[in-house]
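Novice: I have a structure here, written as structure tokens, and I will follow up with some questions on it.
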Amino acid sequence: MSSDFNLVTITLEDRTARLTILIDPRKKARFEQLCFEEDVTPSQVVRRLIRRYIEERTGQPWVPPRAEAPEGRVSGPGRRGKSARRRAG
């Protein structure tokens, strides 16, 4: 049986670095509204934009380096951060 689906492996990257930017408040509000309408977080969109920028500039697909999680740190799909707990509660 033939399948028309392509399997995509999604790698959870280490998302501990913070990027702070200054942006016009009206632009920020519009951006957040558009993200809400697409059911994505602003962080997801920014990460996607950064990944695309890296790929365009280097001409290579972005492949995060494989690294072990620091000792005592939980990584993977079961991990729930502060914001996930806050939304759930």
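The values are calculated or read from the model by the stated rules, or taken from the named source; none is laboratory data. For clarity, every value in this text was computed on a predicted model and none was experimentally measured. Every residue, glycine as well, gets a Cβ built from its backbone with ideal geometry; the counts of neighbours run over all protein chains shown.
Novice: Find the residue count for segment 49-63, including only residues that are touching a helix residue (DSSP H, G or I) at 6+ places or on another chain (Cβ under 9 Å) and not polar (S, T, N, Q).
Specialist: At the first step, the residues of segment 49-63 found to be touching a helix residue (DSSP H, G or I) at 6+ places or on another chain (Cβ under 9 Å) are 60-62.
Applying the additional criterion that residues be not polar (S, T, N, Q) yields 61-62.
Qualifying residue count, segment 49-63: 2.
Novice: Checking ARG86 against (1) at pLDDT 90 or above; (2) in a helix (DSSP H, G or I): exactly one of these is not met. Which one?
Specialist: Every listed condition holds for ARG86 apart from (1).
Novice: Same structure again: Within segment 44-67, which residues are among the acidic types (Asp, Glu) and surrounded by 12 or more Cβ atoms within 10 Å (Cβ to Cβ)?
Specialist: The first filter runs over segment 44-67 and keeps only residues among the acidic types (Asp, Glu), leaving 55-56.
Passing the criteria: only GLU55.
Novice: Looking at (1) at pLDDT 95 or above; (2) exposed (fewer than 11 other Cβ atoms within 10 Å of the Cβ), can you tell me which one PRO70 breaks?
Specialist: Only one criterion is unmet by PRO70, namely (1).
Novice: Taking the condition in contact with a Phe, Trp or Tyr (Cβ under 8 Å, 6 or more places away or on another chain) and modelled with pLDDT of 90 or more, does PRO25 pass?
Specialist: On the way: in contact with a Phe, Trp or Tyr (Cβ under 8 Å, 6 or more places away or on another chain): no; modelled with pLDDT of 90 or more: yes.
No.
Novice: Given THR20, THR41, THR11, which one is modelled with pLDDT of 75 or more, surrounded by fewer than 10 Cβ atoms within 10 Å (Cβ to Cβ) and of a type in the set (Ser, Thr, Tyr)?
Specialist: On the way: THR41 fails: surrounded by fewer than 10 Cβ atoms within 10 Å (Cβ to Cβ); THR11 fails: modelled with pLDDT of 75 or more.
On inspection, the qualifying residue turns out to be THR20.
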